[in-house]
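Report on the structure given below.
The values are calculated or read from the model by the stated rules, or taken from the named source; none is laboratory data. Model, not experiment: these values are computed from the prediction. Accessible surface areas use protein heavy atoms only, side chains included; no ligands, DNA or RNA. Shrake-Rupley method; radii C 1.70, N 1.55, O 1.52, S 1.80 Å.
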Amino acid sequence: MFRRVSRWAAGLPLAVALTAGLTGCGSSDQATPAASSSSGAATALTVFAAASLTETFTELGKTFEAAHPGTSVKFNFSSSATLAQQITQGAPADVFAAASPATMKTVTDASLATAPTTFVRNKLQIAVPADNPAKVNALKDLADPKVKVALCAEQVPCGSAAVKALNAAGLKVTPVTYEQDVKATLTKVELGEVDAALVYTTDVLTAGDKVKGLAFPEADKAINDYPIAALSKTPVPDLAKQFVDLVLSAQGRDVLTKAGFQAP
Amino acid sequence: MAFLVLPLAGLLIRAPWPTLAQRLAEPQVLEALRLSLVTATVATLVCLLLGVPLAWLLARVTFPGRRLVRALITVPLVLPPVVGGVALLLVLGRRGLIGQWLEATFGISLPFTTAGVVLAEAFVAMPFLVISVEGALHATDLRLEEAAATLGASRWVIFRRVTLPLVAPGIVAGAVLCWARALGEFGATITFAGNFPGRTQTMPLAVYLALETEPEAAIVLSILLLAVSVIILASLRDRWVTSP
């Protein structure tokens, strides 16, 4: 009991995380900082990475573990904005890979990381269900009020990219929902609940046959840079740097481009 | 007690008091609050309408499979709300079992509507009502109902004039729990009804999204939601629950 009380009392930085807990199920994608810090042996590396990196970074993590016997790589995948908040509130991360420069800036502004490097870029695509029930062919079809569209909320990177692309095309699209992250947006397409959504090329690829991706020219105006940085407070700076190097290496780039990312 | 209250204290300490009034006056905030209160109240009414008869059935009528039904009613309690939302989509969504038929026959589509929010909230909150009403029914003295029957009262009259007044505190307590749960509902709502300001964006959804960019705004919204619910619940308790 003492431990718990003292943790709450000292837990002002956790206040923000608690807000999410209070409102329900935000916990599924929350980090458990206490758990990862308790195993803070020199052989554990904790990587906070954007949700869109889930598949590729998991693979790179295995590669890294194989090359560094005795090291285990732990991931926390979530929306970049959430991760940036967690890091500035003191979550014990060693490496941060974000889906937008803005979310990385939150962390560098707090002097928790320096000199992030852009390692990949991601472009938006129109995702439609495999049978494309609303016959969406181009970005302008999304402005049709009969077409049900899901967009990411403007607060998350895929949402601000969508706004940029739509502005570039001079279109006004009223979606039926602003989803909390790119995976949730894609799920609405997979389930056929919406006729179209704007998501990243990489997410369309991971969805497989259920979703078809349509490239559109305005996507070039809204390319997302993904920055990565080793965090300055890491107890394992060497390992953190080696992981960043792996992501930036030819081998890392290979894994990432195969998944639909573009080289910077 | 400290365990329950300290996180709230954390919220209050970190609140940006100087800008609080200004942030609360934003139209989006009031819209989300209004939507939250309206949907939680309607969801509670739906739960009362469906839940009280169900609780009566479980408490008073013996039928085969009653224990199974009782277990099934607690499913929404056990289920992570997001899973509940996905389940609702699979049944009532545009391509769902019933949703497909609803759209083809009546042109009704529930996801992404305010009605969808009510439905998601009612789904998650209903067990709270059913369980507490059933408990209250079990605690009442059956002999009172039997006495009414010997005096010639019909079943409906007995239910209305004897049973309901006896279990009223249980129903009120259940409705309060149900309302509180509906007010805080997040996972099923965002999954089934999506997030659109003014239509499906309730306070918990607004808090979650504000947290992505502006933790301070999230704290303000959380405090508002807490304050409103505590005030409403406190006034209800004094009037209805503690003084029978």
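Side notes on the structure shown:
- The base-10 log of I(q)/I(0) for the protein assembly as shown, evaluated at q = 0.13 Å⁻¹, reads -1.29 [Debye formula, identical scatterers on Cα atoms, solvent excluded].
- Area hidden from solvent between B and A (accessible, protein heavy atoms only, 1.4 Å, total, Å²): 3500
- The range B:173-232, relative contact order [Cα under 8 Å, separation at least 6], %: 23
- Normalised contact order of chain B, rounded percent, pairs of Cα under 8 Å and 6 or more residues apart: 31
- Prolate/oblate/rounded label for the range A:124-222 (Cα gyration tensor, a/c 1.5): rounded
- Per residue, the Cα convex hull of the range B:56-186 amounts to 144 Å³.
- Per-bin percent of Cα-Cα distances, chain B [5 Å]: 1, 6, 11, 14, 16, 15, 12, 10, 7, 4, 2, 1, 0, 0
- Mean accessible surface per residue for the protein assembly as shown, computed with a 1.4 Å probe while every protein chain stays in place, in Å²: 46
- Computed over the range A:124-222: relative contact order in percent, which uses C-alpha pairs under 8 Å that are six or more apart: 46
- Shape of the range B:17-107, Cα gyration tensor, a/c cut at 1.5: prolate
- More than 14 Å apart - percent of Cα-Cα pairs taken over the range B:80-132: 54
- Summarising the strand pairing of the protein assembly as shown, around 55 percent of its internal DSSP beta bridges are antiparallel.
- Accessible surface of the protein assembly as shown [probe 1.4 Å, protein heavy atoms]: carbon and sulfur percent: 64
- Kirkwood hydrodynamic radius of the range A:35-153, Cα pairs, Å: 16.9
- Lysines whose Cα lies under 28 Å from that of A:K140, excluding same-chain neighbours fewer than 8 positions away: A:K123, A:K148, A:K164, A:K172, A:K183, A:K188, A:K210, A:K212, A:K221
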